[in-house]
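The structure appears right after this line, and notes come after that.
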Amino acid sequence: MRLVFLCVVAFAALTVVSGQRQFEEVLKWQQVEFDVPASVLSVPHGYIPINNIPMSGVHYKNRVFVTVPRRRWGIPSTLNVVELEPPYPVTNPVLKPYPSFELNELRADLQPDANRLVTVYRPRVDRCDRLWFVGTGMMEIPGNFTVVQRPSIWSIDLKTNQPLSRYEIPQKDVETGYGLTSITLDVDPDDCSKVFVYISDLQTYRMVVYDHENQKSWRFLHNYFFLNPLEGDFNIQGIPFAWDDGIFSIALSNPDPMTKFRTAYFHALSSNSEFTVSTAVLRNETASKRGYHGDDFKLLGYRGAQSQSSIHGFHPETGVIFFALIQLNAVSCWDTRKPFAPQNMATVYKNDRDIIYPNDLSIDQEGNVWFMSNSIIKLLYTQLSLEEFNFHIWRANIKEIIKGTVCDPTVPPNVDHGQRFGGEQNADRVTFVEYKDKYGPGGGPYGGWGSDDKRKPTGRRP
C-alpha cells in the first residue's frame with residue numbers, strides 16, 4: 001500500500017510538472033505597486049493597494065504591458081510595462097508607467113487633457129511594432145462615474161516609445177467610453193498605414209469601426225451583439241451572480257487569398273455562442289447605416305455548456321482560436337478548419353486554484369498564447385486578500401499545447417458537423433441565489449475596495 005501511495009504521489013507530481021512545461025507562469029502579484037514619484041503615493045487617494053486590479057497582460061519582445069483601469073480611487077497609472085527577466089515566475093514585479101508617468105498622471109481638477117490617459121483596458125500590438133489601445137476617458141467610481149474626456153484611440157511606437165496617433169471617437173459613435181474594453185487590429189499585410197480597428201462596446205451592444213488611414217469611424221448595431229438571457233447566469237468559485245455584458249471580443253482570421261478580407265469571429269461575454277461577419281461588411285461605412293443586414297452576420301455555433309468566454313485570439317500560422325473560459329477556469333482551443341462544435345474543441349489548460357476570471361488573452365508574434373487571471377470575482381462579491389497571489393499571467397507555445405489534440409491541424413475532427421445551439425442537457429443556467437456583498441477593504445461593489453460608499457454601483461463589470 002505504501003508503494004502504491006508513493007507511485008500515485010510521484011505520478012501527480014509528474015503531471016503538474018508536465019503541465020507547467022507547457023503553460024508557464026511568467027508573472028504573479030499579491031498586490032500591484034508602481035514606479036512613480038514618492039509624492040504621488042503619499043497624497044490622499046494617490047495609491048490604495050486594494051483598488052489596483054490589473055486588466056491585461058500583452059507581450060512584445062521582452063516586455064509585458066499591464067493596464068490598471070481607474071475603477072476606484074488610488075490608481076497612480078493606467079498603462080504600464082514590466083521588463084521580463086527570468087527566472088519565472090517573477091513575483092510582485094513593479095509596474096512602470098508607459099510610455100511615461102506624465103501621460104498617465106491625472107489632472108488634480110479632472111479636466112479634459114488630450115495629452116493624458118484616464119483609463120485603458122486591453123491594448124494590442126500589431127506587426128508594425130505599434131501598441132494600440134482605447135483611452136476610455138472614464139473614472140468608473142461606483143456611484144460617481146465621471147466622464148473626464150472623450151474616448152480616443154491611440155497608437156504608440158514601440159521602438160521609440162513615443163505616441164504616434166490619437167483619434168477622438170465622436171459622440172455619434174459612442175456616448176461615452178464606458179464599455180469600450182477590447183480592441184482588435186486589422187492591418188494591411190503590405191502597408192502599415194492601412195489599419196482598421198474594431199472595438200467592442202459591451203455597454204450599448206455595438207461595434208465601433210475606425211479607419212485609421214482616412215481618420216473616420218462608424219458603428220454597427222446587430223442583435224448578435226446582445227447577451228443571451230439564458231446564459232447570463234454564472235457560478236465562479238461557488239459564487240452565483242448574473243451579468244448582462246454584450247459583445248466583448250473580436251478575433252480575426254487570415255485574409256482570404258482572393259478577396260483580401262478577413263472573417264471576424266465575435267461573441268458576447270454573457271453567451272455561449274460564436275458569430276461571424278466579413279470585414280468587407282465592417283469596413284463599409286454605408287453598410288453600418290442599414291437598418292437590416294440580411295445574412296451578412298452569421299451564427300457560427302455553440303461552444304458548450306457554461307463556456308462563456310471573455311477574450312479570444314486567432315493564431316495566424318495554425319488557424320487555431322483560443323478562448324479564455326471564465327466559468328470553467330480554463331483556456332480552450334478550436335481549429336477554424338473544423339466544424340464549430342464542442343466535440344471539436346479541446347481544453348489546453350485548466351487551473352481551478354489560480355485561474356479566477358481569465359480576463360485577457362492574446363497571441364504574440366513569437367507563436368505564444370498569453371492570458372491573465374485577475375480574481376475580480378472575489379473582489380466584487382466576497383473578499384480579496386492581499387496576502388494571497390491574486391493576479392497571474394501565463395504563456396505557452398501554441399504548437400506544443402495543441403499537438404495531438406483535436407485543435408491540431410493534422411488531427412481529424414471528432415464530428416463532421418457543427419452545433420448551432422445547446423440542448424436541454426447542457427445546463428446553461430445555474431441556480432441563482434441572492435449573495436450579499438461584504439463591505440470594507442476588498443469587499444463587494446457596494447463599498448469594497450477600500451471605499452466608504454455603500455451605494456450600489458450601476459453598469460457592468462468588464
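Please name all residue pairs, on different chains or six or more residues apart, with Cβ atoms under 9 Å, provided the first residue is in the range 267-289 and is closer than 16 Å to L252 by Cα and open to solvent by less than 10 Å² (accessible area, probe 1.4 Å) and the second residue is part of a helix (DSSP H, G or I) and at pLDDT below 95. Correct list of pairs: A268/E231. Of all residues in the range 272-279, one or more are modelled with pLDDT of 95 or more, in a loop (DSSP other than H, G, I, E, B), touching a Phe, Trp or Tyr at 6+ places or on another chain (Cβ under 7 Å) and closer than 21 Å to P240 by Cβ. Which of the residues that make up the range 114-130 are surrounded by fewer than 22 Cβ atoms within 10 Å (Cβ to Cβ) and closer than 22 Å to P76 by Cα? Result: A114, N115, R116, R124. Tell me which residues, restricted to the range 235-269, are in contact with a His (Cβ under 6 Å, 6 or more places away or on another chain) and over 15 Å from Q203 (Cα atoms). The one that is in contact with a His (Cβ under 6 Å, 6 or more places away or on another chain) and over 15 Å from Q203 (Cα atoms): A251. Close Cβ contacts (under 7 Å, 6 or more residues apart or on different chains) running from residues in the range 84-106 that are at pLDDT 95 or above to residues that are open to solvent by 70 Å² or more (accessible area, probe 1.4 Å) and part of a strand (DSSP E or B) comprise P99/Q162.
The residue that is nearest to A280 (Cα to Cα), among those in the range 226-256 that are of a type in the set (D, E) and open to solvent by 50 Å² or more (accessible area, probe 1.4 Å), is D256. Filtering the range 323-343 to residues that are assigned to a loop (DSSP other than H, G, I, E, B), open to solvent by 20 Å² or more (accessible area, probe 1.4 Å), in contact (Cβ under 8 Å) with a residue 24 or more places away in the chain and not charged (D, E, K, R) leaves T336, P339. Restricting the range 115-147 to residues that are of a type in the set (A, V, I, L, M) and in contact with a Lys or Arg (Cβ under 8 Å, 6 or more places away or on another chain), the residue that is farthest from K216 (Cα to Cα) is I141.
If you check T259, T263 for being under 19 Å from R124 (Cβ atoms) and either open to solvent by 10 Å² or more (accessible area, probe 1.4 Å) or in contact with a Pro (Cβ under 8 Å, 6 or more places away or on another chain) (or both), only one passes: T263.
Go through the residues of the range 131-152 one by one and say whether even a single one is farther than 23 Å from L202 by Cα and crowded, with 17+ Cβ neighbours inside 10 Å. No, the conditions are met nowhere in the range 131-152.
Determine, yes or no, whether K61 is open to solvent by 10 Å² or more (accessible area, probe 1.4 Å), within 18 Å of the chain's Cα centre (by Cα) and among the basic types (K, R). No. Answer yes if at least one residue in the range 222-239 is of a type in the set (A, V, I, L, M), over 17 Å from N359 (Cβ atoms) and assigned to a strand (DSSP E or B), and no otherwise. Among the residues of the range 222-239, not one is of a type in the set (A, V, I, L, M), over 17 Å from N359 (Cβ atoms) and assigned to a strand (DSSP E or B), which makes the answer no. Note on the range 290-306: residues that are in contact (Cβ under 8 Å) with a residue 40 or more places away in the chain and either open to solvent by 20 Å² or more (accessible area, probe 1.4 Å) or within 15 Å of V209 (Cα to Cα) (or both) total 4. Restricting attention to the range 108-128, the residues being of a type outside the set (D, E) and without any contact (Cβ under 8 Å) to a residue 40 or more places away in the chain number 7.
If you go through the range 376-410 and pick out every residue that is in contact (Cβ under 8 Å) with a residue 60 or more places away in the chain and either of a type in the set (K, R) or open to solvent by less than 40 Å² (accessible area, probe 1.4 Å) (or both), you end up with 23. When K338 is tested against (1) among the basic types (K, R); (2) in contact with an Asp or Glu (Cβ under 9 Å, 6 or more places away or on another chain); (3) within 15 Å of F23 (Cβ to Cβ), exactly one condition is not met: (3). Of the residues screened, S310 is one that is assigned to a strand (DSSP E or B), in contact with a Phe, Trp or Tyr (Cβ under 8 Å, 6 or more places away or on another chain) and either hydroxyl-bearing (S, T, Y) or modelled with pLDDT under 95 (or both).
The values are calculated or read from the model by the stated rules, or taken from the named source; none is laboratory data. Quantities reported herein were computed from a predicted structural model and do not represent experimental measurements. As a convention, Cβ positions derive from the backbone with ideal geometry for all residues, glycine included, and neighbour counts pool all protein chains shown. What goes into the accessible areas is simple: the full protein's heavy atoms, side chains included, and nothing from ligands, DNA or RNA. Shrake-Rupley method; radii C 1.70, N 1.55, O 1.52, S 1.80 Å.
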